[in-house]
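The values are calculated or read from the model by the stated rules, or taken from the named source; none is laboratory data. These numbers were taken from a predicted model, which means no experiment stands behind them. Cβ placement follows ideal geometry from the backbone for every residue including glycine, while neighbour counts extend to all protein chains displayed. Areas reflect the complete protein model, heavy atoms only, side chains present, ligands, DNA and RNA absent. Shrake-Rupley method; radii C 1.70, N 1.55, O 1.52, S 1.80 Å.
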Amino acid sequence: MNFAKMKAKLPIGIQTFDIIRSEGYLYVDKTKYLIDLIDSGRVYFLSRPRRFGKSLTISTFDAIFSGKRELFEGLYASEFFERPEYKTHPVVRLDMSNLTTDMGSDNLRSSILNQVMENADRLHVNIETTLPGDALSNLLSRAAQKYNATTAVLIDEYDKPILDSIHDIEKAEAVRDILRNFYARIKAADRHLCFVFITGISKFSKVGVFSAMNNLTDISMNDKYAAMLGYTESELLSCFDAHIGDTAADMSKSKECLCAEIREHYDGFSFDGKTRLYNPFSVLNFFNDPTFNNYWFASGTPSVLVEYAKRHDLETENFRGLEVSKDFTSVAEIERASPESFLFQSGYLTVRERKGRNLILDYPNNEVLSSVADLFLYGKYKIAGISATQNNLERALGNGQPEELIKIYNSLLANLPYDIYEREERKYNAMKEKKDDYAPPPYAESFYHALLFTLLWSSRVNTTAENHSYWGRSDIEAEKNGHRYVVELKVADGKDAAKSAAADAMKQIHEKGYADKYAQESVTLIAIAVDRERRRVAEFIIVRS
């Protein structure tokens, strides 16, 4: 069968390698990595965010070990089947995302047992026990005996039962104990196994689920396999060339312009600080419906992030350029993880670059950044349903109309619930009471600054905070469609004081040279003074250069 001549349909929602290849769907060839893993070792673990191709990888391994060579015509792995030593192996597949976790430990054990028994039925192996761990041990040993071949074990989303209980630490730990005892049987059955591949979202710690599996090789941040899941730039341009051409024509854009926009929205994931990857789910959905929507973000369970943001009082800007140690995800299990570890493992943060033995984190792209900011507006400030407002702000700043920023920001402030302001007052007073000689910045300044910053991000405006100049750090710098803005925000008590504060803010922009780096470009300077008593912008100064 010549797959190269078949029409490359988009495999949206299809994670089965057999279907993709036999029905002529587009497939980006990643089989080189899979063959390399088979050749290099036996027991592997890979952590990646949701909807990043983990299930398709599991399905592809299944097809390799099951001997479905006709599906690999034209792919790198096709030659693997021609090796003299090649032979098929029985395959045990466990999809832990399908387990029942909401009805207690007994139901979880029963659900695990059902998956083991389904594999036993498929392999025609008889199992008598009703204990999940014993059933797995029997399956692996008897499958090896029946087929006179070692078994490949493929486990997808190993941590899904734990993530379902992430906000209930006691329950999450109980689930982990059950899974730890179950997975330990894999190590015990080593002589019956030819290959083990385990995927999940969260990294494991040395005392976690796989504490007994000291032979497990974690390739999650291994440079060699950095591009194993997700699309590289070259893969996007070569495999999607026809889709790019048709979409560019439909949108009346050049292919170069369209690719730049796709890159801005969906590229930027990295697991080694060097290789940049497009989110495959977003790319496929974009070409199916050419609108720059937040496809990946909308497909998940953002309520988990909302609750996490509330409990940890997260601010969107705190994680841009954050420096962490390279093993920051392995210190604790995900329900006890630091905010940056949780956000990274969930896919909301990525590795921007390596810095010696440390990593620099950032949001991967505009899809994730604007979505997280939008979610924080709701989770922290109870602001929802403002997509039209965000579109207006994006359009205004893209057209060089900074006055609209003031109008929209003031409208947002007017709609903030009263208890949000009360919460910030209490937080500020608590900070002052901790230490008599401690002088925190005016609570309102950090509060209003964070709110404005989050609004800009959620409106898909390229925004950075605390940018260094020779003499100091600017509050906010923003850019949209080539229009640049430098913003300084002050807080004052009363309207008269606000006039002076706005003047001081503009003076600071000039004296500190915040806009000097843009000397060869036009830039708009914006000084904002918020009246803390009235909780609105009382004065502002705009200077265009």
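Selection within the range 153-164: residues that are crowded, with 21+ Cβ neighbours inside 10 Å and acidic (Asp, Glu). The member of this set that is modelled with the highest pLDDT is Asp156. Of the helices (runs of 4 or more DSSP H) entirely within the range 63-164, those holding at least 2 residues that are free of Cβ contacts under 8 Å to residues at least 24 places away in the same chain occupy 105-122, 132-147. For the range 41-62, a tally of residues being open to solvent by 20 Å² or more (accessible area, probe 1.4 Å) and either touching a residue at least 60 places away in the same chain (Cβ under 8 Å) or basic (Lys, Arg) (or both) returns 7.
On inspection, Ser387 does not qualify as within 20 Å of the chain's Cα centre (by Cα) and of a type in the set (S, T, N, Q). For the range 165-196, the tally of residues that are among the small types (Gly, Ala, Ser), in a helix (DSSP H, G or I) and modelled with pLDDT of 90 or more stands at 2. If Tyr231 meets every condition in (1) of a type outside the set (A, V, I, L, M); (2) touching a helix residue (DSSP H, G or I) at 6+ places or on another chain (Cβ under 9 Å); (3) closer than 30 Å to His312 by Cα apart from one, which number is that one? If we test Tyr231 against (1) of a type outside the set (A, V, I, L, M); (2) touching a helix residue (DSSP H, G or I) at 6+ places or on another chain (Cβ under 9 Å); (3) closer than 30 Å to His312 by Cα, just (3) comes out false.
From the list Leu139, Leu123, Leu99, the one residue that fits, being more than 35 Å from the chain's Cα centre (by Cα), under 27 Å from Arg42 (Cα atoms) and surrounded by 21 or more Cβ atoms within 10 Å (Cβ to Cβ), is Leu139.
Answer with yes or no whether Ala188 is open to solvent by 50 Å² or more (accessible area, probe 1.4 Å), more than 18 Å from Thr100 (Cα to Cα) and among the hydrophobic types (A, V, I, L, M, F, W, C). Judged against the criteria, Ala188 is a match.
When residues in the range 7-40 are screened for being open to solvent by 50 Å² or more (accessible area, probe 1.4 Å), of a type in the set (A, V, I, L, M, F, W, C) and part of a helix (DSSP H, G or I), 1 of them pass.
Condition check for Tyr86 on (1) more than 32 Å from the chain's Cα centre (by Cα); (2) among the aromatic types (Phe, Trp, Tyr); (3) surrounded by 15 or more Cβ atoms within 10 Å (Cβ to Cβ): one failure, at (3). Say we look at the range 299-326 and pick out the residues that are closer than 25 Å to Asn285 by Cβ and either exposed (fewer than 14 other Cβ atoms within 10 Å of the Cβ) or charged (D, E, K, R) (or both); which of these is modelled with the lowest pLDDT? This residue is Thr301.
Residue count for the range 345-359 under the criterion of being open to solvent by 10 Å² or more (accessible area, probe 1.4 Å) and either part of a loop (DSSP other than H, G, I, E, B) or within 24 Å of Glu479 (Cα to Cα) (or both): the result is 5. Total residues in the range 520-545 satisfying the condition of being surrounded by fewer than 17 Cβ atoms within 10 Å (Cβ to Cβ) and without any contact (Cβ under 8 Å) to a residue 40 or more places away in the chain: the figure is 7. Within the range 391-412, the set of residues being touching a residue at least 24 places away in the same chain (Cβ under 8 Å), within 30 Å of the chain's Cα centre (by Cα) and open to solvent by less than 10 Å² (accessible area, probe 1.4 Å) comprises Leu393, Leu397, Gly398, Leu405, Tyr409.
Per this entry, Leu34 is not counted among residues that are hydrophobic (A, V, I, L, M, F, W, C) and more than 27 Å from Asp190 (Cα to Cα). Of all the listed residues (Arg48, Arg69), the sole one being farther than 30 Å from Asp177 by Cα and either among the basic types (Lys, Arg) or modelled with pLDDT under 95 (or both) is Arg69. Count of the range 451-473 residues, restricted to those that are modelled with pLDDT under 85 and either assigned to a strand (DSSP E or B) or of a type outside the set (S, T, N, Q) (or both), is 9.
Restricting the range 413-450 to residues that are loosely packed, with under 14 Cβ neighbours inside 10 Å and among the basic types (Lys, Arg), the residue that is modelled with the lowest pLDDT is Lys435.
Residues checked against (1) closer than 27 Å to Ser522 by Cα; (2) among the aromatic types (Phe, Trp, Tyr); (3) in a helix (DSSP H, G or I); (4) touching a Phe, Trp or Tyr at 6+ places or on another chain (Cβ under 8 Å):
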site	(1), (2), (3), (4)
Leu369	yes, no, yes, yes
Ile383	no, no, no, no
Thr389	yes, no, yes, no
Leu397	yes, no, yes, yes
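Scan the range 352-370 for residues that are within 11 Å of the chain's Cα centre (by Cα) and not charged (D, E, K, R) and the total you get is 5.
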